[in-house]
Amino acid sequence: MTDIVAPLQATDCPRCGKPAALCVCAALAAIDNRIELLVLRHPQEQDRELGTAGILCRQLARATLRTGLSWPNLAKALGRPAETRRWGALYLGTRTQAPAPDAPPLLALDAEGTELPDQEGALNALEGLILLDGNWSQAKALWWRNAWLLKTRRLVLNPRAPSLYGDLRREPRRESVSTLEAGALALSILERRPDIVTPMLEPLRLLLRKYRDSGARPKTPDRRRRRR
């Protein structure tokens, strides 16, 4: 069951969590995922309008969204016992560790950031996926403040297309995508279900259409935003 520990404001839609004018309930999918998802959201990530972590978790049968800076271990963050080594964490790392454009769309790395020789074996061994929600500095803080993340299998995405945000957010690296896009792509690969990507991204497409139609623009473009 999806577990979202995050306060809603009085004007937010109780189902999708977005402001009423940006409600995306009509596009929400219902995905029965095998790989469990855990999203750790930095407490200063306050993007109510364009943020996607809540939308991602609300579409999945097995997903948890936690807001905070640190947890003593995976079990505390997840709310139940879990084998840390059977979980993967999406984390971009430095530019020097960026995957080649022709590399697979999801890569498993060792502790030094080198691609593992047995990619299929490493990915097939995972039973859970962790995403860090926030801009680059916030995601980096979450990574280093939770030492137990180093015991998970580090993963990096190598998406074939740029983020749907387009000109609404400037992403400094081609691998940078929203939390929703990262989760949808990673789950589709881990579960070998490419068909789930399109329905999972429909709420984001609707959100961006409504946002653009409203004439709104991000108040302060954050060029440091570097997702997952």
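The numbers here are math on the coordinates, done by the rules we state, and not lab data. Since the model is a prediction, treat every value here as computed from it, not as a measurement. In this analysis, Cβ positions are derived from the backbone assuming ideal geometry, glycine residues included, and neighbour counts consider all displayed protein chains.
When the Cα positions of Leu131, Pro194, Pro104 are compared along the charge dipole of the stretch 3-213, Leu131 comes out farthest toward the positive end, with charges on each C-beta of Lys, Arg, Asp and Glu. Straight-distance candidates among the aspartates and glutamates for linking to Lys76, with alpha-carbon spacing under 19 Å and chain neighbours fewer than 8 residues away dropped: Asp3, Glu36, Glu127, Asp133.
Note on Cys13, Cys57, Cys23: ascending count of other Cβ atoms within 10 Å places them as Cys13, Cys23, Cys57, the fewest first. Checking the a/c ratio against 1.5 first, then a/b against b/c, what shape does the Cα gyration tensor give for the stretch 1-111? Prolate, because a/c is 1.5 or more and a/b exceeds b/c.
Here the label points at Glu127 and Ala111, each 7 Å from Cα along the C-beta direction, are separated by 2.4 nm in the simple model. Electrostatic tally near Arg34: other residues with Cβ closer than 15 Å to its Cβ, Lys and Arg +1, Asp and Glu -1, net -1. Computed about the Cα centre, the dipole magnitude for the stretch 158-205 is approximately 140 debye when only Lys and Arg (+1) and Asp and Glu (-1) carry charge, each at its Cβ. Between Asp118 and Arg193, the distance separating the two model label sites (each 7 Å from Cα on the Cα→Cβ line) works out to 2.6 nm. Neighbours of Ala108 by Cβ distance under 10 Å: Lys/Arg scored +1, Asp/Glu scored -1, total -2.
Applying 1/(1 + (r/R0)^6) with r as the Cβ-Cβ distance of Arg15 and Glu83 and R0 = 35 angstrom yields a FRET efficiency of 0.60.
The order of Glu120, Glu202, Glu127, going from fewest to most other C-beta atoms within 10 Å of their C-beta, is Glu120, Glu127, Glu202.
Extension gain for the segment Ala161 to Ala216, taken as residue separation times 0.36 nm less the Cα-Cα distance, is 17.3 nm to one decimal. Basic side chains Lys and Arg get +1 at the Cβ, acidic Asp and Glu get -1 at the Cβ, and with that the dipole of the chain about its Cα centre reaches some 700 debye. With R₀ fixed at 30 Å, the C-beta to C-beta distance from Ala61 to Leu168 puts the FRET efficiency at about 0.55. Most simply put, the stretch 3-213 has about 20% antiparallel DSSP beta bridges, counting only bridges with both residues inside it. Placing unit charges on the Cβ atoms of the charged side chains and taking the dipole of the stretch 1-85 about its Cα centre, the candidate lying farthest along the positive direction among Cys23, Leu50, Leu40 is Leu40. The alpha carbon gyration tensor of the stretch 22-177 gives principal lengths a ≥ b ≥ c with a/c below 1.5, which makes the shape rounded. For the chain, the relative contact order comes to 26 percent (Cα pairs under 8 Å, sequence separation of at least 6). Straight-distance candidates among the aspartates and glutamates for linking to Lys210, with alpha-carbon spacing under 12 Å and chain neighbours fewer than 8 residues away dropped: Glu49.
For the stretch 134-188, trypsin sites (Lys or Arg not before Pro) are listed when DSSP marks them as loop and at most 11 other Cβ atoms sit within 10 Å of their Cβ; the list is Arg160.
Each residue, Asp102 and Trp144, gets one label point 7 Å from its Cα in the Cβ direction; the gap between the two is 3.6 nm.
Note on Lys140: aspartates and glutamates with a C-alpha under 20 Å away, same-chain residues under 8 apart excluded, are Glu45, Asp47, Asp110, Glu112, Glu171, Glu175, Glu181, Asp222.
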